[in-house]
1. So what does residue 50 come to for accessible area, using a 1.4 Å probe and Å² rounded to 10?
2. Can you pull the accessible area of residue 2 for me, 1.4 Å probe, Å² to the nearest 10?
3. Quick one: what does P(r) look like for region 1-86 with 5 Å bins over all Cα pairs, in whole %?
4. Just tell me which aspartates and glutamates come within less than 12 Å, Cα to Cα, of residue 40; anything on the same chain fewer than 8 places away is out.
5. Straight-line reach from residue 131: which aspartates and glutamates fall under 14 Å, measuring Cα to Cα and dropping same-chain residues less than 8 apart?
6. In square angstrom, what is the accessible area per residue of region 2-74 with a 1.4 angstrom probe?
7. Most mobile of 125, 56, 111 per a Gaussian network model of the chain (Cα springs, under 10 Å)?
8. Arrange the residues 116, 25, 152 by how much accessible surface each exposes, largest first, with a 1.4 angstrom probe.
Amino acid sequence: MKKIAVVIEEGFEDSEFAEPVQALRDNGFDVTVIGPEANKDYQGKRGQVIARTSKSLDDVNAGDFDGLLIPGGHAPEKLRLNKKIVPFIQAFAKANKPIAAICHGPQLLISADLLRGKKATSYESVAIDVKNAGAHFVDAPVVVDGNLITSRKPEDIPQFNKAIILAFSGKSGPEFHDTFAGPVPIQSFPGRD
C-alpha cells in the first residue's frame, strides 16, 4: 500500500484537504496527516472540516512516504514559518517522489525553491509569486511537470484527484495523459514509466 503524507496547519482549505484525502483513501492509499504538532485538531478556514494529525513534522521522514499532498487555504503560508517543512518537501523532490499542491499550496513549493523552470498553476492571488519563483505559470485546472502536480482551486478538485491518484500510483505515459480532457499541460514522471 502506497503511503502519502498530507501537511496541514490551521486554516487549510476544507475541501482541498477533505476531498483529495477521501479520494486517496478510497483508492487504497495509506494517508498520514502531518502538522506542526501530533495528535492535534486543526480547523479548516471555512469551519466545515476538522483534521486530526497523527504525526508532527518532528516525527516524519520523507523516506517513509511515496508522495506528498499540500492542500491550500491559509495553512501553506503558516507552514512556511516552520523550519522543518522546507527540508521535508525538498527530500521528496530529491527522491523524485510526486508532490501535489493545490490553490495556495504552491507557496510551499516556492519556499522549497522547486518551481524554477517548471510549469505550474495556483490560485490567482499566488500566480505572481509562482512567476517570480521562476515558474512558467499556466492557467489550467491541473498542471503536471516532472514530479510536481499543481492545481488552482476547489472547482478543479475532480481533475486534481485524478492526477494525484495516477501520480501517487506511479503511473505515467498514455494512461496518465488520457485521463485528462481538454488542454491540460502534462508531462511524464521521469523514471516512473
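The values are calculated or read from the model by the stated rules, or taken from the named source; none is laboratory data. Predicted model, so just to flag it, every value in this text is computed and none were measured. Positions of Cβ are backbone-derived with ideal geometry, glycine not excepted, and every protein chain shown enters the neighbour counts. Areas reflect the complete protein model, heavy atoms only, side chains present, ligands, DNA and RNA absent. Shrake-Rupley method; radii C 1.70, N 1.55, O 1.52, S 1.80 Å.
1. Number for this one is 110 Å².
2. Using a 1.4 Å probe on the heavy atoms, I get roughly 80 Å².
3. Spelled out bin by bin, region 1-86 gives 3, 16, 27, 28, 19, 6, 1 percent.
4. Of all the aspartates and glutamates, those that pass the test against residue 40 - Cα under 12 Å, at least 8 places apart if same chain - are 9, 10.
5. 113, 139
6. Numbers: 3060 Å² over 73 residues.
Value for region 2-74: 42 Å² per residue.
7. Highest fluctuation of the listed residues: 125.
8. Details: 116 155, 25 120, 152 45 Å².
The residues order as 116, 25, 152, largest area first.
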